[in-house]
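First comes the structure, then the notes that go with it.
The values are calculated or read from the model by the stated rules, or taken from the named source; none is laboratory data. Note that the coordinates shown come from a computational prediction; the quantities given were computed from them, not determined experimentally. Methodologically, a virtual Cβ is constructed for each residue, glycine included, from the backbone with ideal geometry; neighbour enumeration extends over all protein chains shown. We work out accessible area using only protein heavy atoms, side chains counted, and drop any ligands, DNA or RNA first. Shrake-Rupley method; radii C 1.70, N 1.55, O 1.52, S 1.80 Å.
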Amino acid sequence: MVARDLTVRYEDFAALVDATLTVRYGEALGVVGPNGSGKSTLLKTIAGLLQPSSGSLSVLGSPPLKLPPGVTAYVPQVEAVDWSFPATVWDVVAMGRFARLHFWQRFGAQDREVVRRALEVVKMSALAGRHIASLSGGQQQRAFVARAIAQEPRLLLLDEPTTGVDAATEEALRRIVRELVAGGLPVVMATHDLDRVNEWFDRLLVLDRRVLALGTPDEVVASGTYAAIREHTHTHGHLRHDHEPHAAHAAHPEILR
Amino acid sequence: MEVLTEPFHYAFMQRAFVAALAVGVLCSTMGTYVILRKLSFIGDGIAHASFAGIVIAYLRGANFYIGAGVVAVLTAVGIGFVHRRGRISLDTTIGVLFTGMFALGVYLMSQQRSYAIDLQSFLFGDILAVQPEDLWLILALSVVVAIAVIVLFRGLLYTTFDPVVAQASGIASPAYEYALLVMLALTIVISLQAVGIVLVAALLVTPAAAAYQLTSRFAPMMALASLFGAACTVGGLYLSYYVRASSGATIVLLATLLFFASMGAKYLLRATARAA
């Protein structure tokens, strides 16, 4: 995935300005920044849910909206679904297959196998027959991650999946992400949680509407930007734009192909 | 036995039963989406708007279904468009469009010297007046909508449950929304003659709402809803023959009873589950 000078506006407000970044195969990119720093905007734009107002964006060489169905899987920050919808955990995870099936194709044995394995990965097999309304917050989150896995995407976008889940679920999610990445899947994940970034991510993007830093967690920590973000994130404030983007990292996007 | 089969002796009753069956199954199948997408108001809106089409068709000497169908589809697409483009909520959009179109129908009709159109039959339906050519049209459109439900099944299900994530995975949620609105418009037009403008909304909502009480997965809810819908329309028509009451009203009353019976059954099932 490559973004060059990506700017996204809501009406008059620029939520993301001149972002340039790449995501490579088999890498987990963590996106950190204070509230309102454009983390969700970046993920939604990559998912094709928002249109960039300028700059370019390509996923596997195409703009998001030109991609064939099923390429990008997205797990939003807050699932705004109706929890009383008549669906079991199995039904929800099975939806992950829908983008991959033409209408004349049956939901076959292979699809069921993929769903079964996705449930296994998130340790939800035992709850497959449960109605979604009866799940805990962590279980709901894992069901939606399983749906994304069942899609067999080429790019996975996770928006703060650890918000509001217990420590065990968080650790389970971290292990799932690392397994997927080890299997070659690129993962972009926004997070509020600035502890243990080394264990989660291969590279870190520090965002405050602009790209402030992009590099390995160690490099970013050494650059000092991270400490500033950390301080501001913890006080829930907004960064002033007196930091120059780290040109050394931002100016040389590598092409993912 | 003779008493029970008596209604079927008349050709117009036979046509009415076939039409009732088609309308019952179709409305309640579409009603599943209406309930889960919280579009109850739309059925009412499109039905009222189509009144303008009925009047225009009458004044021009055109077919009732064509007039109602064109206006219903245009209104449905218009609702989707205004909702997506304008910063107006869906129920406000519907409220504005449907009252406007209904008023247009009343305005055009009031300019006529005599009320040649039987307003009563359009408002409350007259399934006994279904002509052979009407029946063919009802059946043909039912097949079209049924095929659309089958072909679009997975996409409609995903975009109904989670339009944002479906869209991100490459399933075009807006296209499905428009398709659903058009299917809904066709369903309503088919049903107008059977239950009328005022009561079609009930047929879209009530059987599906009853099925929603008793099921916890989507496909069974849709199947049960269509069964309930068929039972209400066919049963209501049958009943109306004996009690000599308006067929549309009897059908809807039966559906309402069924809804409360489902609610009761749900609580009973829960209570016995807890006791066990």
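The overall shape of the range B:134-229, judged from the alpha-carbon gyration tensor, is oblate: a/c is not under 1.5, and a/b is no greater than b/c. Of all beta bridges that DSSP places with both ends in chain A, some 50 percent have antiparallel geometry.
The HN-Hα couplings worked out from phi for the range A:191-199 by the Karplus form 6.51 cos²θ - 1.76 cosθ + 1.60 (θ = phi - 60°) are 8, 9, 7, 9, 7, 6, 4, 4, 7 Hz, whole numbers, x standing for Gly and Pro. Between the alpha-carbon centres of the range A:185-224 and the range B:145-169 there is a gap of 36 Å.
Exposed loop sites here are chymotrypsin sites (Phe, Trp or Tyr not before Pro) assigned a DSSP state other than H, G, I, E or B and surrounded by at most 11 other beta carbons within 10 Å; excluding them, the longest clear run of chain A is A:105-257.
Here the range B:1-70 is described by how far its Cα atoms reach on the three principal axes: 43, 39, 13 Å, from widest to narrowest.
The residues of the protein assembly as shown present an accessible area of 44 Å² per residue when probed at 1.4 Å with all protein chains retained.
Here the Karplus relation 6.51 cos²θ - 1.76 cosθ + 1.60, evaluated at θ = phi - 60°, turns the backbone of the range B:198-208 into coupling constants of 5, 9, 5, 4, 5, 5, 6, 9, 5, x, 5 Hz, with x for every Gly and Pro. Within the protein assembly as shown, antiparallel bridges make up roughly 50 percent of the DSSP beta bridges whose residues both belong there. For the range B:124-276, the relative contact order works out to 26 percent when only alpha carbon pairs closer than 8 Å and six or more residues apart are counted. Under a model in which nothing but the beta-carbon of Lys, Arg (+1) and Asp, Glu (-1) is charged, the protein assembly as shown shows a dipole of about 640 debye around its Cα centre.
Computed over chain A, the Cα gyration tensor eigenvalues convert (square root of 5λ each) into semi-axes of 31, 20, 17 Å, ordered from largest to smallest.
Of all segments of chain B bounded by trypsin sites (Lys or Arg not before Pro) found in a DSSP loop with no more than 14 other C-beta atoms within 10 Å, the longest spans B:114-243. Between B:Arg270 and B:Gln14, the modelled labels are 4.8 nm apart [label points 7 Å from Cα along Cα→Cβ].
Taking only the alpha carbons of the protein assembly as shown, we obtain Rg and Dmax values of 27.6, 93 Å in that order. Taken over the range B:2-270, the alpha-carbon convex hull comes to 134 cubic angstrom per residue. When you filter the trypsin sites (Lys or Arg not before Pro) in the range A:77-184 for DSSP loop state and at most 11 other Cβ atoms inside 10 Å of their Cβ, you are left with A:Arg106. Between B:Val106 and B:Thr5, the simple label model (points 7 Å from Cα in the Cβ direction) yields a spacing of 4.8 nm.
Using the Cβ-Cβ distance between B:Leu239 and A:Arg112 with R0 = 51 Å, the FRET efficiency computed as 1/(1 + (r/R0)^6) comes to roughly 0.70. Across chain A, Cα pairs under 8 Å and at least six residues apart give a relative contact order of 31 percent. For the set B:Ser216, B:Ser191, the ranking by accessible area, highest first and with no ligand, DNA or RNA atoms included, is B:Ser216, B:Ser191 under a 1.4 Å probe. Rounded if a/c is under 1.5, else prolate if a/b is larger than b/c, else oblate: which is the range A:75-152, with a ≥ b ≥ c the root eigenvalues of its Cα gyration tensor? The shape class here is prolate.
Could you give the distance between the Cα centres of the range A:31-65 and the range B:212-276, to the whole Å? Cα centroid of the range A:31-65 versus Cα centroid of the range B:212-276: 47 Å apart. Listed values for the range A:206-218 are Karplus-derived 3J(HN,Hα) couplings in whole Hz (6.51 cos²θ - 1.76 cosθ + 1.60, θ = phi - 60°), namely 9, 10, 9, 6, 10, 6, 8, 7, 8, x, 5, x, 5, and x replaces Gly and Pro. Among the aspartates and glutamates, which fall within straight-line cross-link reach of A:Lys123, defined as a Cα-Cα distance under 17 Å, with same-chain neighbours fewer than 8 residues apart omitted? Cross-link targets: A:Asp91, A:Glu113, A:Asp166, A:Glu170, A:Glu171, A:Glu179. Averaging the sequence gap over all C-alpha pairs within less than 8 Å and six or more residues apart, then dividing by the number of residues, gives chain B a relative contact order of 31 percent. With a cut-off of 12 Å between beta carbons, the residues surrounding A:Phe107 carry a summed charge of +2, where Lys and Arg count +1 and Asp and Glu -1.
Dipole of the protein assembly as shown computed with +1 at Lys/Arg Cβ and -1 at Asp/Glu Cβ about the Cα centre; of B:Tyr33, A:Gly48, B:Thr250, farthest Cα towards the positive end is B:Thr250. Take the accessible area of chain B alone and of chain A alone, subtract that of the pair, and you get about 2300 Å² summed over both chains, using a 1.4 Å probe. Residues whose amide H falls under 5 Å from that of A:Leu155, counting only those 5 or more places apart or on a different chain, are A:Ala73, with hydrogens built in the peptide plane. Shielding by partners for peptide A:87-97, expressed as the average number of C-beta atoms from other protein chains within 10 Å of each residue's C-beta, is 4. Proximity of backbone amide H atoms, modeled 1.01 Å from N, is registered between A:Leu16 and A:Val8 at under 5 Å, excluding neighbours fewer than 5 places apart on the same chain.
Note on B:Leu119 and A:Asp218: their simple-model spin labels are 8.4 nm apart, each label 7 Å out from Cα toward Cβ. Of the GluC sites (Glu not before Pro) found in the range A:1-80, those in coil by DSSP whose Cβ has at most 10 other Cβ atoms within 10 Å are A:Glu11. Of A:Ile46, A:Ile149, A:Ile132, the residue with the greatest mean-square motion in the GNM of chain A, using alpha carbon springs below 10 Å, is A:Ile132.
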